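This report concerns only the one structure given below.
The values are calculated or read from the model by the stated rules, or taken from the named source; none is laboratory data. Computed from a predicted model, the values in this text were never measured in an experiment. Glycine also receives a Cβ, built like all others from the backbone with ideal geometry; neighbour counts cover every protein chain displayed. Note: accessible area is taken over every heavy atom of the protein model, side chains too, but ligands, DNA and RNA are not part of it. Shrake-Rupley method; radii C 1.70, N 1.55, O 1.52, S 1.80 Å.
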Amino acid sequence: MLLSGDESGERVAIHCEATSFDAATADLRGVAALRIRGSRVLTSQRLILSFWPTEPAEPALSRLLAFIGNRPLVGYYLDFTVGLLDRLVQPMVGMALPNQRIEVSSLYYGRKAKAPGKYAVDLRLDSILRALDLPPRAGDDAYASALASAMVYLRLEPPQP
């Protein structure tokens, strides 16, 4: 599943909530994932998981792995999200997530860096949303951040017909 070729053309926007910003030590609290197909964010095909320190994470992580499959992952601060997930998934499946990664702040920076003039580029997710004339996040949870990342991705990398 994780190593087979992806033929769906879908991507998965993903975001994690954790107890800190250190992927090596943080405890996972929640994950939200949404599929992107063509120019649409499939909000009806989403996965929202909560993790509690007193419960085993493996059943929920198995659901997450089945949901994302081998699709490319889209996100904001994706190195943290994947680093945290890798730490938990690797003992289960014997390897880190092999999925292609698409960091939306890098896409945005690449576009802004091409503009003439020298100025600082604000890479905060809410600033990127405003600059791209997208709706603000509807909350400060994993789902809102995953949805925002999906919208930024589609604005910056529209699908080719």
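Some notes on this structure:
- Breaking point among (1) open to solvent by 10 Å² or more (accessible area, probe 1.4 Å); (2) at pLDDT 95 or above, for Ile14: (1)
Residue-wise test of (1) in contact with a strand residue (DSSP E or B) (Cβ under 8 Å, 6 or more places away or on another chain); (2) closer than 17 Å to Arg155 by Cα.
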| position | (1), (2) |
| --- | --- |
| Thr19 | yes, no |
| Leu73 | yes, yes |
| Thr81 | yes, no |
| Asp86 | no, no |
| Ser106 | no, yes |
| Tyr109 | no, yes |
| Leu129 | no, yes |
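- When Thr43 is tested against (1) among the polar types (S, T, N, Q); (2) surrounded by fewer than 19 Cβ atoms within 10 Å (Cβ to Cβ); (3) touching a residue at least 24 places away in the same chain (Cβ under 8 Å); (4) in a helix (DSSP H, G or I), exactly one condition is not met: (4).
- Sole residue being within 26 Å of Leu129 (Cα to Cα) and part of a loop (DSSP other than H, G, I, E, B), chosen from Arg29, Arg71, Arg35: Arg71
- Check on Ser50, under 21 Å from Asp22 (Cβ atoms), open to solvent by 20 Å² or more (accessible area, probe 1.4 Å) and either under 16 Å from the mean Cα position of the chain (by Cα) or hydroxyl-bearing (Ser, Thr, Tyr) (or both): yes
- Here Leu61 passes the criteria (1) assigned to a helix (DSSP H, G or I); (2) out of contact with any helix residue (DSSP H, G or I) (no Cβ under 7 Å at 6 or more places or on another chain) except the one numbered (2).
- Criterion: surrounded by 13 or more Cβ atoms within 10 Å (Cβ to Cβ), of a type in the set (Ser, Thr, Tyr) and modelled with pLDDT of 95 or more - qualifying residue of Tyr76, Tyr109: Tyr76
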